[in-house]
Amino acid sequence: MNSDFLAGNLRDGLNFFSKLTPKRTANALKVLWSYYRSRRGFARQTGRAEAWGLPMSVSFEPTTSCNLRCPECPSGLRSFTRPTGMLGEELYKRTIDELHETLLYLIFYFQGEPYLHPQFLDLVRYATDRNIYTATSTNAHYLTDANAQKTVESGLDRLIISIDGTTQDVYEQYRVGGKLEKVLEGTRNIVKWKQALKSRTPHVVFQFLVVRPNEHQIAEVKQLARSLGVDEVALKTAQIYEYEQGNALIPTLDEYSRYAPQSDGTYAIKNGFGDHCWKMWHSCVITWDGLVVPCCFDKDAHHRMGDLQQQSFRELWQSPAYNDFRQTLLRSRSEIDMCRNCTEGTKVWA
């Protein structure tokens, strides 16, 4: 790793751990213990799934609206079966007020472009004032000079900028309708205001979704990031919905592909498919209208664990319905449709 990127990651790590408090640490230990206790019980065929404490991480969806039309994204394809809309301030603040003492990491992203929410950075500031580590992911088309200044002033800790090509012709093959120059302009604005305000945040990440059309530009995106003053480059593997018969987006570079060719010419997910998922214990996703779903793979909110318009977060987090869902995972994860194309929640805790 380049020394400049290493220093940036070190600063970000120290910032993250500075958010730990005795209550957040105790909650994390409860969550971890209940996860292993539940897994051990199922391994011995003697237990039930149970979740202690509250989530360490939550993703809030500011909006389902997006200005781009990316081919593997429901927002881009305009293919949602659920309503579109904007996160309400009252629901958001009420939930943060309930969770902030134990919540460590708050992600402002699920579907859509967060900067389309007119109060987005005010929502960030509300969490910052409660010493929660905050992050968002953006296509950077709305990082105007004014928005960049307000972003730095909001206290946002991590800003992930999607940049899936270093030339316009490659970038637009995935980021359909996007302009690479807008991404670069927005990045320069953020870096400028960090320097002007003498701020170490946000930690700026170039996220490069590796697909076949752009895989030859991996070295170039790292060089581009260094030249702009970006703190980190993250190379992300792509989830592809229709992968079994092959897909033009599947990389030829095996290390960046979630899928492996089979002897019969089809493709299969590379990683093992264990009956467990750490995400179901430590995190969840809240849609713009208050539905709580298990994780970011549930794009259309089919697996609804509860509704924050109707109940408190604590009630639904430890409800029989949520624990039944966790039990299904531990018994037979393949029974859950959205899990069949997922390797995300199992890697570290296998």
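Here are some notes:
- Ordered from longest to shortest, the equivalent ellipsoid semi-axes for the range 202-296 are 26, 25, 12 Å, each the square root of 5 times a Cα gyration tensor eigenvalue.
- Helical contribution to [θ] at 222 nm, DSSP H n ≥ 4, -39,500 (n - 2.57), averaged over the chain, rounded to 500: -11000 deg cm²/dmol
- Accessible area expressed per residue, the chain, with surrounding protein chains retained (probe 1.4 Å, Å²): 44
- Annotation: for a label point projected 7 angstrom from Cα along Cα→Cβ of ASN67, residues of the range 134-152 with backbone N closer than 16 Å are 137-151.
- Cα shape, the range 92-167, gyration tensor, a/c 1.5 rule: prolate
- Between the exposed loop cleavage positions of the chain, defined as chymotrypsin sites (Phe, Trp or Tyr not before Pro) in a non-H, G, I, E, B DSSP state with at most 14 neighbouring beta-carbon atoms within 10 angstrom, the longest gap is 1-240.
- Computed from label points 7 Å out along Cα-Cβ, the spacing between ARG200 and HIS302 is 4.4 nm.
- Rg to Rh, two decimals, where the chain supplies the alpha carbon set and Rh follows Kirkwood: 0.95
- Judged by the ratio a/c of the largest to the smallest principal axis of the C-alpha gyration tensor, the range 76-207 counts as oblate, that ratio being 1.5 or greater while a/b is no larger than b/c.
- Listed residues GLU113, GLU61, GLU153, most fluctuating in the chain (Gaussian network, C-alpha, under 10 Å): GLU153
- Expressed as a whole percent, the accessible area of the chain that falls on carbon and sulfur atoms is 52 (1.4 Å probe).
- Förster-model FRET efficiency, 45 Å R0, ASP145 and GLU98, C-beta, rounded to 0.05: 0.80
- The trypsin sites (Lys or Arg not before Pro) of the range 130-183 meeting both criteria, a DSSP state outside H, G, I, E and B (loop) and at most 16 other C-beta atoms within 10 angstrom of the site's C-beta, are ARG130, LYS179.
- Placing a pseudo-label 7 Å from each Cα along the Cα-to-Cβ vector at ARG37 and THR167 gives an inter-label distance of 5.8 nm.
- Between ALA219 and THR252, the C-beta separation translates, for a Förster distance of 22 Å, into a calculated FRET efficiency of about 0.90.
The values are calculated or read from the model by the stated rules, or taken from the named source; none is laboratory data. As the structure is a prediction and not an experimental result, all values here were calculated from the model. Please note: Cβ atoms are built from the backbone with ideal geometry, for glycine as well, and neighbour counts cover all protein chains shown. Accessible surface is based on the protein model in full, side chains and every heavy atom, while ligands, DNA and RNA are left aside. Shrake-Rupley method; radii C 1.70, N 1.55, O 1.52, S 1.80 Å.
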